[in-house]
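The values are calculated or read from the model by the stated rules, or taken from the named source; none is laboratory data. Since this is a predicted model, take the numbers as computed values, not measurements. Heads up, the Cβs are rebuilt from the backbone with ideal geometry, glycines too, and the neighbour counts pull from every protein chain shown. Side chains are part of the model used for accessible areas, which takes the heavy atoms of the whole protein and leaves out ligands, DNA and RNA. Shrake-Rupley method; radii C 1.70, N 1.55, O 1.52, S 1.80 Å.
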Amino acid sequence: MVRKIENKSARMIEVEEEWGIEIEELLRWAYVDQNYSSSEISTYLSIRRTTINKWLKLAGIYRGKVALSE
């Protein structure tokens, strides 16, 4: 599940308007569903990779092994 980002930056809102989709869903689709790296997303959106990584963290989007506790 994707977490809703509160207090979105102007750049986040620009991306949403350009793509016609919430930034959280766009990031989830690209990073999780399409398995694009943050570098690939960064290049495609013309946004620094560190910014993409920050946005992924804000949206609670992670990829990889998840440790489950019993």
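Return one whole number: the accessible area per residue of the range 1-61 in Å², for a 1.4 Å probe. Spell out each step's value before the answer.
Working: 4050 Å² over 61 residues.
The answer is 66 Å² per residue.
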query = Each label point is 7 Å from the Cα along the Cα-to-Cβ direction; what then is the distance between the points at Val32 and Lys54, in nm?
reply = 2.3
request  = Sum up the lysine pairs in the chain that clear both bars: alpha-carbon distance under 15 Å and a spacing of 8 or more or different chains.
outcome  = 4
task = Determine the share of the chain's accessible area contributed by carbon and sulfur atoms, expressed in whole percent, with a 1.4 angstrom probe.
result = 51
query = Taking only DSSP H segments of four or more residues, each worth -39500 (n - 2.57), what value at 222 nm results for the chain once the sum is divided by all its residues, to the nearest 500 deg cm²/dmol?
reply = -13500 deg cm²/dmol
